[in-house]
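This report refers to the structure that appears directly beneath it.
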């Protein structure tokens, strides 16, 4: 049972890294980014290319940095102009961006599935509760937990983090206090895209790479955001862990019903607490 719970933390950690980017972009730009799953997918492919040249750890750095830079460009070209637009316009533009990124990946890497080799340092197993558990999966859990703790400290203790929380709660007042909200927003969008790239590369040794790989994790990441509460950083963390556990245990015990569990949870949360588990930006 412990192994199943750990596997739930692995998937929940990946969901958190993707979902937190959605929360950051929505909290600062008020844009629901339907292309975010393609950023996760692109991070996996960029990491694959860098890993082939300089090894896995170079791939981790490259995927995170390249996607963060892409996030800056997308903020200026797409998200900033969309922040005051009708939601249907946002949906159409970001969905079109998703298709463009997927076609770009197909053009460069083709349609065949690819794999990222697991680093030798993390290729073994550990004995836990009488069963072998891959070291790499523990690494994924630690990365997600570390990034979550780092993000929390950054938001709570740093000046920029204070600006981010203030801007997410009341952008008008924050701007009148002399905060450069455009620069803060751009940095946060870059951070969210970088998280998606990091999630893509660390998921690479666990998943087969394909241009369509971002679709399923995007849907469940949106469920995480809805369950946790739009704009809520702590809510996204809790929701990702809960959904990761429910999804994994569902696959083990009721596989024919497992894919429905996140949707049912979202439905129940919306009926019980329409604003999500936290109901506020935090």
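Each reported figure results from applying straightforward, stated rules to the coordinates on display, with no laboratory input. Note that the structure is a prediction, hence the values are computed from the model and not measured. Cβ coordinates were reconstructed from backbone atoms using ideal geometry, including for glycine residues, and neighbour counts include every protein chain displayed.
Details
- For region 113-130, the tally of residues that are exposed (fewer than 11 other Cβ atoms within 10 Å of the Cβ) and touching a residue at least 24 places away in the same chain (Cβ under 8 Å) stands at 1.
For (1) closer than 30 Å to residue 110 by Cα; (2) surrounded by fewer than 23 Cβ atoms within 10 Å (Cβ to Cβ); (3) in contact with a strand residue (DSSP E or B) (Cβ under 9 Å, 6 or more places away or on another chain), each residue gets a yes or a no:
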| residue | (1), (2), (3) |
| --- | --- |
| 201 | yes, no, no |
| 208 | yes, yes, yes |
| 249 | no, yes, no |
| 273 | no, yes, no |
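- Of all residues making up region 132-153, the number that are farther than 10 Å from residue 9 by Cα, part of a helix (DSSP H, G or I) and in contact with a strand residue (DSSP E or B) (Cβ under 8 Å, 6 or more places away or on another chain): 1
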